[in-house]
Amino acid sequence: MTDQEPQLAAAADIRARIDTDKPHSARFWNYFVGGKDHYEVDREIGDHIKEIFPGLADVARTSRHFLGRAVRYLAEEQGIRQFLDIGTGLPTADNTHEVAQRVAPDARIVYVDNDPLVLAHARALLTSTPEGRTAYIDADLYDPEAILDAAADTLDLSRPVALMILNTLGHVADHDQARKLVARLMSGLPSGSYLVISDSTATSEGMIAASEAYNSSGAVPYHVRGVEEIAGFFEGLDLVEPGVAQVTQWRPDSPASVVDAYGGVGRKP
């Protein structure tokens, strides 16, 4: 066996796992943020939803900006040097490690996803500064303990970690189960750690209609929640001002627009 054969076999396995007959949330979102990693089936439902609710493009764009502001706040103002990003999605501009390592080159970032296309791109594109480190875990949100065990190979879980779960929890249909998954993840992190969550919300008829159209496309369903449900993920944590707010209103760099997406940052006491 040559040195390249295991890598070629892994690449073939990844290709075999990619389903191009149904839309996929990572590719669909990549299309909305202007990326290039999507297929015709993703573009078709994307264009259909743009007709139903053009505002979803603003949700995608501003949610990405929220990620950047939250990571900068944690790295610059709170000295966080470790990030655990679950539901990575396809790499675009200003990924978590790029924002964090721009502030702190020694920052360590672990990305978690279980999509084969994300896996292939992450291994190729999510590179680190020499001082820091990035890693990618092929794991499932439904197994928090396995995620934490694998993350411990890169992160020191006795020191504060920022847990990032952006535009991901909607895949968990049951809200109580989603809260329990978040709580199990946070229970494995020490005092001084942070939780960062953002998600699309059922705050307009357009967003609700867009969600219904997406869920009827054959893709894995994505459930938009009420603002009070998003706030519930932060129970027991100290919310950073301005609390759970529209992603455009969370420490904005410029005048903020109105979008159907809310997020927040909370500190574990």
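Values in this text are rule-based calculations from the coordinates and carry no lab data. Since the model is a prediction, treat every value here as computed from it, not as a measurement. Cβ atoms come from the backbone with ideal geometry, glycine included; neighbour counts cover every protein chain shown.
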Task: Total charge dipole magnitude, the chain, about the Cα centre, Cβ charges on Lys, Arg, Asp, Glu only, Debye to nearest 20 - done: 580 debye
Open item on the list: Apply the Karplus curve 6.51 cos²θ - 1.76 cosθ + 1.60, θ = phi - 60°, to the phi angles in the stretch 79-87 and return the couplings in whole Hz, x for Gly and Pro.
Closed with: x, 6, 10, 9, 9, 10, 9, 9, x
- [ ] Using per-residue counts of other Cβ atoms within 10 Å, averaged over each peptide, order 250-261, 199-210 from highest down.
- [x] 199-210, 250-261
Open item on the list: Please report the antiparallel percentage of the DSSP beta bridges confined to the chain, to the nearest 5.
Closed with: 35 percent
Task: Structure-based [θ]222 nm, the chain - -39500 (n - 2.57) summed over DSSP H runs of at least 4, per residue, nearest 500 - done: -12000 deg cm²/dmol
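Once you have the Cα-Cα distance between residue 152 and residue 251, take 0.36 nm times their residue separation minus that, and quote the gain in nm to one decimal.
Details: separation 99, 0.36 × 99 = 35.64 nm, distance 3.10 nm.
Between residue 152 and residue 251, full extension yields an extra 32.5 nm.
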Open item on the list: How many angstrom lie between the Cα centre of the stretch 95-159 and the Cα centre of the stretch 242-263?
Closed with: 26 Å
Open item on the list: Counting other beta carbons within 10 Å of each residue's own, what order do 161, 196 fall into, fewest first?
Closed with: 196, 161
Open item on the list: From the phi angles alone, apply the Karplus equation (6.51, -1.76, 1.60; θ = phi - 60°) to the stretch 62-68 and give each ³J(HN,Hα) in whole Hz, x where the residue is Gly or Pro.
Closed with: 6, 5, 5, 5, 4, 3, x
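Could you tell me the ratio Rg/Rh of the stretch 185-245? Both radii from Cα atoms, Rh via Kirkwood.
Numbers: Rg = 14.7 Å, Rh = 13.6 Å.
Radius of gyration over Kirkwood radius for the stretch 185-245 works out to 1.08.
Average projected area of the Cα convex hull of the chain, in nm²?
On the way: hull surface 56.7 nm².
Average projection, Cα convex hull of the chain: 14.2 nm².
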- [ ] Work out the charge dipole of the chain with +1 on the Cβ of Lys and Arg and -1 on the Cβ of Asp and Glu about the Cα centre, then indicate which of 183, 48, 224 is farthest towards its positive end.
- [x] 183
TODO: Treat each spin label as a single point 7 Å out from the Cα along the C-beta direction, and report the residue 94 to residue 140 distance in nm.
DONE: 3.4 nm
Task: For the stretch 126-247, convex hull volume per residue from C-alpha positions, Å³ - done: 141 Å³
